[in-house]
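*Asks:* Quick one: this structure, given as structure tokens, is what I'll be asking you about.
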Amino acid sequence: MDLLDRLRMDVPVAQAGMGGGVAGPRLAGAVAAAGGLGTLGLLPPDTLTGAIGRVRDQAPGRAVAVNLLMPFVHRGHVEACLRTRVDVAVLFYGGDTHLVERLHGAGVFVLVQVGTEHQARRAFEWGADGLIAQGREAGGHLVGVEPALDFLPRALAVAQGRPVLLAGGIASAADTRTALAAGAAAVVAGTRFALTTESGAHPSYQQRVLRAEHTVETTLFGFGWPARHRVVPNEATRRWCHPDGRPRTVPALVNSRSGALGRLVPTRVTMMLARVQRASVPLLSPAPPLAGMPEAAVAGGPLYAGDTALRITEIVSARQALDNLAGRTPTD
């Protein structure tokens, strides 16, 4: 399969569908218009429908992708994807055969993000068209358990010729070339696109990532989704985590009992929690701080970033980020 032709891409670079509003229509549309794969993060179902339309208006003729964070997906999210006939759906942290069949029935190309051989085999049992192989150095929520380039050969072996995109550690054209030379069909970048002018991330969030000296793997921001994630340290991690990232007793207990809330609480409510959570209170949701939120949200919210944060030095436009990753001469 020629993935670029199938997904109407000019370059083998996809933008990660960072949820909670970081990867909104402005970012996804800019990436798609520039020739990459722009991916919308999960939004409330009614908002998602409008966002898909805005990406299509901004990038006519390009593919539109939606990242379905399965712990928070409701029927309305799936219906929005089917009704608008999105081009690509990325399943993350869950899925099943029935969902893949429904998406295929609407002509949707289905990618599943995986971090182990077992997850890769299960994705193809569901009927997935391809994989996103995630390395442990990625930012945000993690299924990866080893470096991306170490996992890629095993993911390719399971895929047996079907496309595998590589996520984790992608910040430059050299990273892209290395991934493609190792057999990846394309790369997926998150942190690089979070640090763009079109990103929905809070400006102070972006600046803290630019100044980061290290990242930490934790489960601290796990209210409703007690899963591993990689962040830049802030007041919340310093208050509630051990030096190795393990949450202290109180937030660990709160999060361990909150797993069922992901499907019960509407997406809009989860996003609203980011406005009010504070570093002093161990009730920390996975919703990231967005532009327009109070400064306190940056101290108490998850500053998702991969290890590439240590190699990124400036905020650029989404087009420039895509050009840099693709090794393409910048265009006006």
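The values are calculated or read from the model by the stated rules, or taken from the named source; none is laboratory data. Here the structure is a predicted model, which means the values were calculated and not measured. Here the Cβ is made from the backbone with ideal geometry for all residues, glycine too, and neighbour counts use every protein chain on show. Side chains are part of the model used for accessible areas, which takes the heavy atoms of the whole protein and leaves out ligands, DNA and RNA. Shrake-Rupley method; radii C 1.70, N 1.55, O 1.52, S 1.80 Å.
*Asks:* Somewhere in the range 307-326, is a residue open to solvent by 10 Å² or more (accessible area, probe 1.4 Å), small (G, A, S), in contact with a helix residue (DSSP H, G or I) (Cβ under 8 Å, 6 or more places away or on another chain) and at pLDDT 90 or above?
*Replies:* Yes, the range 307-326 has at least one match.
*Asks:* Still on this structure: Please state which one of L165, L156 is within 16 Å of the chain's Cα centre (by Cα), at pLDDT 95 or above and not in a loop (DSSP other than H, G, I, E, B). Even if it seems obvious, please write down each step before you answer.
*Replies:* On the way: L156 fails: within 16 Å of the chain's Cα centre (by Cα).
After applying the criteria, what remains is L165.
*Asks:* Here is a further query. T218 is checked against (1) hydroxyl-bearing (S, T, Y); (2) free of Cβ contacts under 8 Å to residues at least 40 places away in the same chain; (3) more than 18 Å from G139 (Cβ to Cβ) and fails just one. What number does that condition carry?
*Replies:* (3)
*Asks:* Moving on to the next point. Just the residues that are farther than 17 Å from T176 by Cβ, among the hydrophobic types (A, V, I, L, M, F, W, C) and open to solvent by less than 40 Å² (accessible area, probe 1.4 Å), please, taken from the range 1-19. Reasoning before the result, please.
*Replies:* Going residue by residue through the range 1-19, those that are farther than 17 Å from T176 by Cβ are 1-2, 5-6, 8, 17-19.
After this cut, where a residue has to be among the hydrophobic types (A, V, I, L, M, F, W, C) as well, the list is 1, 18.
If the condition is that a residue be farther than 17 Å from T176 by Cβ, among the hydrophobic types (A, V, I, L, M, F, W, C) and open to solvent by less than 40 Å² (accessible area, probe 1.4 Å), then M18 is the only one that fits.
*Asks:* With the condition kept exactly as written, say whether any residue in the range 188-197 is open to solvent by less than 30 Å² (accessible area, probe 1.4 Å), among the basic types (K, R) and over 23 Å from G94 (Cβ atoms). Write out each step before concluding.
*Replies:* Step one: of the range 188-197, the residues open to solvent by less than 30 Å² (accessible area, probe 1.4 Å) are 188-196.
This time we only want the ones that are among the basic types (K, R), so: 192.
Restricting the remaining residues to those that are over 23 Å from G94 (Cβ atoms) gives 192.
Yes: the range 188-197 contains one or more residues that are open to solvent by less than 30 Å² (accessible area, probe 1.4 Å), among the basic types (K, R) and over 23 Å from G94 (Cβ atoms).
*Asks:* If R75 satisfies all but one of (1) open to solvent by 20 Å² or more (accessible area, probe 1.4 Å); (2) of a type outside the set (D, E); (3) touching a residue at least 12 places away in the same chain (Cβ under 8 Å); (4) out of contact with any Leu (no Cβ under 8 Å at 6 or more places or on another chain), what's the number of the condition it fails?
*Replies:* (3)
*Asks:* Now, a different point. How many of the residues making up the range 52-70 are touching a Lys or Arg at 6+ places or on another chain (Cβ under 7 Å) and open to solvent by less than 30 Å² (accessible area, probe 1.4 Å)?
*Replies:* If we filter the range 52-70 for residues that are touching a Lys or Arg at 6+ places or on another chain (Cβ under 7 Å), which is where we start, we get 61-64.
Among the residues that remain, those that are also open to solvent by less than 30 Å² (accessible area, probe 1.4 Å) are: 63-64.
Looking only at that region, the number is 2.
*Asks:* Return yes or no: is F151 over 19 Å from V66 (Cα atoms), under 20 Å from the mean Cα position of the chain (by Cα), aromatic (F, W, Y) and open to solvent by less than 10 Å² (accessible area, probe 1.4 Å)?
*Replies:* When the stated conditions are applied, F151 passes them.
*Asks:* Related question: Give the residues of the range 93-120 that are over 17 Å from the mean Cα position of the chain (by Cα), closer than 30 Å to V231 by Cβ, open to solvent by 50 Å² or more (accessible area, probe 1.4 Å) and touching a residue at least 12 places away in the same chain (Cβ under 8 Å), sorted by residue number.
*Replies:* Scanning the range 93-120 gives D96, E117.
*Asks:* Go through S317, S285 for me and flag whichever is of a type in the set (S, T, N, Q), within 18 Å of A173 (Cβ to Cβ) and in contact (Cβ under 8 Å) with a residue 24 or more places away in the chain.
*Replies:* Working: S285 fails: within 18 Å of A173 (Cβ to Cβ).
Of the residues listed, the single one that is of a type in the set (S, T, N, Q), within 18 Å of A173 (Cβ to Cβ) and in contact (Cβ under 8 Å) with a residue 24 or more places away in the chain is S317.
*Asks:* Taking helices (runs of 4 or more DSSP H) that do not extend beyond the range 184-259, which have at least 1 residues that are closer than 27 Å to G36 by Cα and more than 17 Å from the chain's Cα centre (by Cα)? Before you say what the answer is, go through the steps one by one.
*Replies:* Values: elements: 191-194, 203-210, 235-240, 249-256.
Here the list reads 203-210.
*Asks:* Could you please tell me which pairs satisfy a Cβ distance under 7 Å, a separation of 6+ or placement on different chains, a first residue in the range 198-214 that is among the hydrophobic types (A, V, I, L, M, F, W, C), and a second residue that is open to solvent by 40 Å² or more (accessible area, probe 1.4 Å) and not in a loop (DSSP other than H, G, I, E, B)?
*Replies:* As it stands, the answer is A212/L310, since those pairs meet every condition given.
*Asks:* Might you let me know whether the range 138-156 holds any residue that is of a type in the set (F, W, Y) and closer than 24 Å to P226 by Cβ? Explain how you work it out, then say what you get.
*Replies:* We begin by selecting, within the range 138-156, every residue of a type in the set (F, W, Y); these are 151.
When the remaining residues are screened for being closer than 24 Å to P226 by Cβ, the result is 151.
Looking for residues that are of a type in the set (F, W, Y) and closer than 24 Å to P226 by Cβ, one finds at least one in the range 138-156, hence yes.
*Asks:* May I ask you to list the residues in the range 20-51 that are buried (at least 24 other Cβ atoms within 10 Å of the Cβ) and of a type in the set (V, I, T)?
*Replies:* Selection gives V22, V31, T39.
*Asks:* What number of residues in the range 10-36 are closer than 10 Å to L322 by Cβ and not small (G, A, S)?
*Replies:* So the answer is 5.
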